[in-house]
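**Student:** What follows is a structure written as structure tokens; I'll ask about it next.
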Amino acid sequence: MMLLRPPLSLRVLRTSFFLVAFGAGYELAGSAAWAVSGIVHEKDGSLSVPEASPLRGQLEITPLKMTAPRDTLSVPGSIVAEPSRVIPIFTPVTGRVASVSVVPGQHVRRGQELLTVLSGDMAQASTDETKARAGLVQARAAMERAQEVKQAGGAATKDVEAARAALQQAEAEDRRAQARLASLSDKTQADGTLVFRAPVDGVVGSVSTAPGVNVTDITAPLMSMEDLAEVWAVADIAEADVDDIHVGQSVAITLPARDGLVFPGQIATIEPDLHLETRRLRAMIPLPNPDEDLKPNMFANVAIQLRQPAGLMVPQSALLMNNDRVTVFVETSPWVFQRRVVTISYDEGEDTEVLSGLKVGDRVVTRGGVLLNDD
């Protein structure tokens, strides 16, 4: 079960309250010692710690400097086949499966036979193409005869025009029949056998039919092919980190199943919508995979290089709540401290970016500041 951390202001307030209460108890138990070694309130509102005060041993003071924030964002991911390289094989006509020539996992070359289907629609298309070709031959011969007769003076112009129209119709019918046949298969036999061939080099992903099966649903794929020469690593970006991600960012991908290997890449595209169930956005990173060593659905860890500018970072232990404002103690001279109100941006691990109230070089109390927080 995940435990949610309370907000920064509440955590600081709780800590301050506890230690101030502790300090009050310390004062009641030894008020004389506190008067000698406690905090001195100066007229300008600053606090000074006398040389004999035990607080000097409990305070840690750190000069501030510009620090680069988190430079990587680690998110979960997975390996998937590139959608344009996953090819389902459908039959354009109904029929009966005559043969299946491949099995799942088999590598095939472009043009290699995958399966054949016997189809009456296929036979009809083949017959229509043959008839259209014969009609075209006949129409061309009729056109030639009409032209020869006209040249000899024995035919009217209308006969030539009729022959030309018949030829144009025959040419159109031949083109239609050939296009219909080509859309069904690149090689069809006279008996209506539809031959399916591999459209690309790749591997057979699945086979969902067998010889003798009657195909009645042309929307159901008979098999699928995958070209795994290139795959995608998909990074799942949490909603809170979406603004830090953009196309072109460099990433380093590791896989639990490939221990010790790091695959570099760049974000090529980012989905526009968050997934409703996970509230995450998916970023895609293409990865070359010539040896097919990366398998779809492998788990992956994706470290995304962020391009955030350096900022003024302070430890969260330096932040104190005072009248609903976030403050820190700054050393203005040796062992003299002044409270400053600051504006913070976000937590970065144990540090927090400060937007205003401090500058580079300020010496801030980063440990024990709650012991000064007595007002």
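**Student:** How long is the gain from L261 to K43 if the chain were fully straight, where each residue apart is worth 0.36 nm and the alpha carbon distance is subtracted? Before the final figure, lay out the partial values.
**Tutor:** Details: separation 218, 0.36 × 218 = 78.48 nm, distance 6.33 nm.
Fully extending the segment from L261 to K43 adds 72.1 nm.
**Student:** Averaged per residue, what accessible area in Å² does the stretch 221-304 show with a 1.4 Å probe, protein chains only?
**Tutor:** Working: 4380 Å² over 84 residues.
Solvent-accessible surface per residue comes out at 52 Å².
**Student:** Enumerate the aspartates and glutamates that K43 could reach by cross-link, defined here as Cα to Cα under 20 Å, with residues fewer than 8 away along the same chain left out.
**Tutor:** E51, E331, D374, D375
**Student:** Also, quick follow-up: Quick one: go through the stretch 93-129 and flag any residue whose amide nitrogen is under 16 Å from the point 7 Å out along the Cα-to-Cβ line of A210.
**Tutor:** Once the point is set 7 Å along Cα→Cβ of A210, 97-104 turn out to lie under 16 Å by backbone N, inside the stretch 93-129.
**Student:** If you take the beta carbon distance between D217 and K158 as r and set R0 to 51 Å, what does 1/(1 + (r/R0)^6) give as a FRET efficiency, to the nearest 0.05? Intermediate results must be reported in sequence, preceding the final value.
**Tutor:** Numbers: r = 52 Å, r/R0 = 1.02.
With a Förster radius of 51 Å, E is 0.45.
**Student:** Report the extension gain between A252 and A134 in nm, rounded to one decimal, defined as 0.36 nm multiplied by the number of residues separating them, less their alpha carbon distance. Mind dumping the intermediate values first?
**Tutor:** Values: separation 118, 0.36 × 118 = 42.48 nm, distance 6.33 nm.
Extra length from A252 to A134 when fully extended: 36.1 nm.
**Student:** Let me ask something else. Can you report the principal axis dimensions of the stretch 277-339 using only the alpha carbons, biggest first, rounded to whole angstrom?
**Tutor:** Taking the Cα atoms of the stretch 277-339, the three principal extents are 67, 31, 17 Å.
**Student:** Which FRET efficiency, nearest 0.05, do E148 and S183 yield, Cβ-Cβ r, R0 56 Å? All intermediate terms of the calculation are to be shown ahead of the outcome.
**Tutor:** Numbers: r = 38 Å, r/R0 = 0.68.
Between E148 and S183 the formula returns 0.90.
**Student:** Determine the gain in length on full extension of the stretch R110-V200; use 0.36 nm per residue of separation and subtract their C-alpha separation, reporting nm with one decimal. Kindly include the intermediate steps, with their values, before the conclusion.
**Tutor:** On the way: separation 90, 0.36 × 90 = 32.40 nm, distance 0.44 nm.
Here the answer is 32.0 nm.
**Student:** Would you work out which of L73, V102, I87 lies farthest towards the positive end of the dipole of the stretch 36-127? Charges go on Cβ: Lys and Arg +1, Asp and Glu -1.
**Tutor:** Comparing the listed Cα positions along the dipole, V102 ranks first.
**Student:** Return, for the Cα atoms of the stretch 253-292, the radius of gyration and Dmax in Å, separated by a comma.
**Tutor:** Cα only, the stretch 253-292: 13.1, 35 Å (Rg, Dmax).
The values are calculated or read from the model by the stated rules, or taken from the named source; none is laboratory data. These figures come from a predicted structure and were not determined experimentally. As a convention, Cβ positions derive from the backbone with ideal geometry for all residues, glycine included, and neighbour counts pool all protein chains shown. Accessible surface is based on the protein model in full, side chains and every heavy atom, while ligands, DNA and RNA are left aside. Shrake-Rupley method; radii C 1.70, N 1.55, O 1.52, S 1.80 Å.
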